[in-house]
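Below is one structure, written out as structure tokens, with a few remarks after it.
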Amino acid sequence: MDVCPSATMALLKDNFTGGLQLGNRPDVLTCTSWKAPIIWHGTFNPDVAQQKARQQNLTIGLTVFAIGRYLGKYLERFLESAERHFMVGQRVVYYVFTEQPDAVPHVALGPHRQLRVEFVAREQRWQDVSMARMHTLHQALGRRLGRETQFVLCMDVDQHFIGPFGPEVLAESVAQLHAWHYHWPRWLLPFERDARSAAALAPHEGDFYYHAAVFGGSVAALRRLTAHCALGLRQDRARGLEALWHDESHLNKFFWLHKPAKVLSPEFCWSPDIGRRAEIRHPRLLWAPKEYAEVRD
Ligand code: UDP
Ligand code: MN
């Protein structure tokens, strides 16, 4: 059961401080209206999360799609940086989904870390590649990925790690605040507004705008999430519709209906193009520059 950081902090102070002083973050929102923690640098103790994960003997999955020119341009840096920062000290299985298995770079993996390559057919349009991920992930979670992991993070490939991304992010379901939109008023957020779409949110709906470049959770929760999004995408297609931000629109609808158990601050997936912000103290993942002309047809 996840509790808000304020409550977690109290627990940490009572039970675990061990000399570690955690500053709290009065400058930012650290708890949602449904009492899920929004984790920012300084609101959690990474050592406690690390220890808890080890005790549970977790295997953590990290899925990434690298199709077409995205593979050559981004995959190696994504994986190499993940080796330095993603769940260091835990058991990890990378799942790389690609139509070019032979082109997957050989990255030296640390102990208890494995990489599996899963073949997927290539969709023609980049939007279709992006959207097809939900169905592919749903199937994979029903197979080996679902059997050999307990928690899974699903990520875009056009980013790389620059700071620790550890078990503090784990929860039954995990959503990422979108770096460009976390401080925008609700009415401006780019939710799908066409009421005919399965992803539609009415003007008074929506908690936060979440970024599809990072989401995660338990295998069971992700099975539900990916089933919901894949179904919505299929329904829209049958009606000749495509939501504004494709799979991300459906992900946002899912998290409106089924609130995430943990929310990651934009520090966990930051865009350097935004420039400096006082509340962004310790970025973990950085977006690659958007060079769409190089990777999209
Ligand atoms: N992707 C891919 N090949 C494509 C299009 C997309 O591998 O032709 C994957 C890749 O993991 C990428 C993700 O789908 O990071 C989402 O697409 P993109 O990053 O271009 O979307 P954006 O972040 O700009 O919304
Ligand atoms: Mn991306």
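Any read-out appearing in this document is the output of simple, stated calculations on the displayed coordinates, not a laboratory observation. Keep in mind that what you see is a predicted model, and the values were worked out from it rather than measured. Glycine also receives a Cβ, built like all others from the backbone with ideal geometry; neighbour counts cover every protein chain displayed.
Just a few scattered comments:
- Annotation: average projected area of region 194-297 is 8.6 square nanometres, based on the convex hull of Cα atoms across all directions.
- Gyration tensor verdict on the chain (Cα atoms; rounded if a/c is under 1.5, prolate if a/b is larger than b/c, oblate otherwise): oblate
- 3J(HN,Hα) from dihedral phi, region 32-45, Karplus parametrisation 6.51/-1.76/1.60, rounded to Hz, x for glycine, proline: 7, 5, 9, 6, 8, x, 10, 8, 10, 4, x, 9, 9, 9
- Most mobile of HIS246, HIS135, HIS183 in a GNM of the chain (Cα contacts under 10 Å): HIS183
- Taking CYS154, CYS229, CYS269, CYS31 and counting other C-beta atoms within 10 Å, the order from fewest to most: CYS31, CYS269, CYS154, CYS229
- Among HIS250, HIS41, HIS258, the largest mean-square fluctuation in a Gaussian network model of the chain (Cα springs under 10 Å) belongs to HIS258.
- For LYS253, a cut-off of 16 angstrom between C-alpha atoms picks up these aspartates and glutamates, skipping any fewer than 8 places away in its own chain: GLU192, ASP194, GLU205, ASP207, ASP236, GLU242.
- Along region 277-287 the Karplus relation, 6.51 cos²θ - 1.76 cosθ + 1.60 evaluated at θ = phi - 60°, assigns HN-Hα couplings of 9, 4, 7, 8, 8, 8, x, 10, 10, 10, 5 Hz to successive residues, with x for each Gly and Pro.
- Bridge type composition, the chain - antiparallel percent by DSSP, nearest 5: 35 percent
- Under the criterion of Cα pairs below 8 Å and six or more residues apart, the relative contact order for the chain equals 22 percent.
- Annotation: extensible slack from LEU244 through ARG147 equals 31.5 nm (criterion: 0.36 nm per residue apart, minus Cα-Cα distance).
- Distance from region 213-289 to region 64-134 (C-alpha centre basis), Å: 18 Å
- Mean Kyte hydropathy of -1.0 or more with a Cα span along the axis of at least 27 Å, helices from DSSP in the chain: 219-238
- Long-range HN-HN contacts of THR63 with modeled amide H, under 5 Å: TYR95, LEU153, CYS154, MET155
- Anisotropy class of region 172-228 from Cα gyration tensor, a/c 1.5 cut: oblate
- Counting neighbouring beta carbons within 10 Å and listing from fewest to most, the residues SER33, SER265 come out as SER33, SER265.
- Exposure proxy ranking for GLU192, GLU118, based on other Cβ atoms within 10 angstrom of each Cβ and starting from the fewest, stands as GLU118, GLU192.
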